[in-house]
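**Student:** Questions regarding the structure given below will be posed in turn.
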Amino acid sequence: MANKNDLLKLTWYLEYGAQGTDDDPDNPLSRAVNRLFEEGKPFQRIALCFFGDLAPRISGSTPVGWLGVFTLSAAGQVIFFPGFAARPTGMVSFRRHPSHPLHDQAFHVDHLSLEKDRTQFHLTAPKSKGHIRRWPTYPLGDGRVLWCGMSVARETALR
């Protein structure tokens, strides 16, 4: 059991978003940095991504929420930690028509990893305790690839 001297607290102040503190260990920033602190997996870069109106007091819209966090791992993988309000418990993939899923499996998704060579990606469970297959990326030219898509039904699906 950890004592007070074993704890490391990371605080990141934002100019926008809902008032208060998001100290839930399931938020995407916490999950991204925990790969370093708990699993010893360093990263070269980190990018915090948000969804919503940056001026909610003016427009009266919903405050900014998490879209997710991207990291560039020391091994050259691009890793995306989605900012869902509730962690996904399954994965469904489609090609061409939503009534014919290619893949439908119960799985707790922590993050998506784009391989260093950018030709494929996979999904990873919390604490890297499992992976779901590899999918190919789609080359778009000029060194760009399409590697995944994400949709949400409503803003409240994001933290």
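Please treat every number below as a calculation from the coordinates, not as lab data. The structure presented is a predicted model; accordingly, all values stated were derived computationally and were not measured. Backbone-built Cβ (ideal geometry, glycine too); neighbour counts: all protein chains shown.
**Student:** Would you pull out the residues with amide H under 5 Å of Leu67's amide H, same chain only if 5 or more places away, H placed 1.01 Å from N?
**Tutor:** For Leu67, whose amide H was placed from the backbone, the distant partners under 5 Å are Cys49, Phe50, Phe51.
**Student:** Fewest first, what order do Leu112, Leu36 take by the number of other Cβ atoms within 10 Å?
**Tutor:** Going from sparsest to densest Cβ surroundings: Leu36, Leu112.
**Student:** Just to confirm a number: summing +1 for Lys and Arg and -1 for Asp and Glu over residues other than His122 whose beta-carbon lies under 14 angstrom from that of His122, what do you get?
**Tutor:** Values: positive: Lys116, Arg118, Lys129, Arg133, Arg134; negative: Asp110, Glu115, Asp117.
After counting each charged neighbour, the total is +2.
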